[in-house]
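Here the structure is laid out as structure tokens; the discussion comes afterwards.
The numbers here are math on the coordinates, done by the rules we state, and not lab data. The shown structure was predicted, so the numbers you read here are calculated from the model rather than taken from an experiment. Backbone-built Cβ (ideal geometry, glycine too); neighbour counts: all protein chains shown.
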Amino acid sequence: MQIANNLQTIKSQLPSNVTLVAVSKTKPVADLMEAYEAGQRIFGENKIQEMTEKWEEMPKDIQWHMIGHVQTNKVKYMAEYVTLVHGVDSLKLLKEINKQAKKHNRVVDVLLQMHIAEEETKFGLDDDELDEILNQVQNDKFQNIKIIGLMGMATFTENQNQIKKEFLHLKSIFDKLNTENLQLNTLSMGMSGDYKLAINCGSTMVRIGSSIFGGRNYAK
């Protein structure tokens, strides 16, 4: 029952406007089912193949979120069922999601991933790339994707002031886009170590894994 208890503890701390994505990557279906039985319906995975295997096996009222970096050639494997793609970091990827979603007669929600960290290893768009994508979307009328918000990952650091600065920077971009009538409703930022700070900075969606499921086993 540990997973269920962890889940209830975290949910009791979240404001009503914040959505919890249970990050279940590397975890067995049994662990996800314990979370499911405790009422969790949104799961986040970072590998499309693993997510697809779990989707095939698990109840169909689950919303699957792709939270990792997406390779364009793998979009086709998740286009049939994925609910939200968090990490759209290029126009090429956006076009591919639109193309594959069309084959299944679906509209897939996406978040544009902004590069807010001071680490080169993190993926994401800069301001110019963001403008280019938004211009293309407005001009080309992508029928099978819907941009509903932004996502960002802060620098991996103990420095709370730096993390706060990065979160607030992302929130300012989000607010600016909404003044331009984009009607975005989702700001995905915050993970197990920093989700409370992220919420204070305006996050509406947090991605929490280890605090629910315990540490990950990457040895498999």
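Brief remarks on what is shown
- The range 26-50 - residue that is within 13 Å of the chain's Cα centre (by Cα) and touching a residue at least 40 places away in the same chain (Cβ under 8 Å) and, of those, surrounded by the fewest Cβ atoms within 10 Å (Cβ to Cβ): I42
- Condition check for S203: surrounded by fewer than 16 Cβ atoms within 10 Å (Cβ to Cβ) and touching a Gly at 6+ places or on another chain (Cβ under 8 Å): no
- Any chance K60 is over 13 Å from the mean Cα position of the chain (by Cα) and more than 25 Å from L112 (Cα to Cα): yes
- Single residue of the range 110-133 satisfying the filter (closer than 18 Å to T72 by Cβ and under 17 Å from the mean Cα position of the chain (by Cα)) that is surrounded by the fewest Cβ atoms within 10 Å (Cβ to Cβ): F123
- Residues of the range 69-78 satisfying the condition of being in contact with a strand residue (DSSP E or B) (Cβ under 7 Å, 6 or more places away or on another chain) and either crowded, with 19+ Cβ neighbours inside 10 Å or of a type in the set (F, W, Y) (or both): V70, M78
- Long-range neighbours under 8 Å by Cβ, at least six apart or interchain, first residue among the basic types (K, R) within the range 96-120, second assigned to a loop (DSSP other than H, G, I, E, B): K99/N144; K102/Q143; K102/N144; K103/A79; R106/A79; R106/E80; R106/N144
- Among residues of the range 154-200, those that are part of a helix (DSSP H, G or I) and either surrounded by 22 or more Cβ atoms within 10 Å (Cβ to Cβ) or not aliphatic (A, V, I, L, M) (or both), counted: 21
- Residues of the range 138-153 that are surrounded by fewer than 19 Cβ atoms within 10 Å (Cβ to Cβ) and either within 26 Å of V21 (Cβ to Cβ) or in contact (Cβ under 8 Å) with a residue 40 or more places away in the chain (or both): Q143, N144, K146, I148.
- Neighbours by Cβ (under 7 Å, 6+ apart or cross-chain): first from the range 69-91, within 20 Å of D126 (Cα to Cα); second of a type in the set (S, T, Y) and surrounded by 15 or more Cβ atoms within 10 Å (Cβ to Cβ): H86/S188
- Any hit, the range 169-182, residues being farther than 25 Å from E118 by Cβ and under 17 Å from the mean Cα position of the chain (by Cα): no
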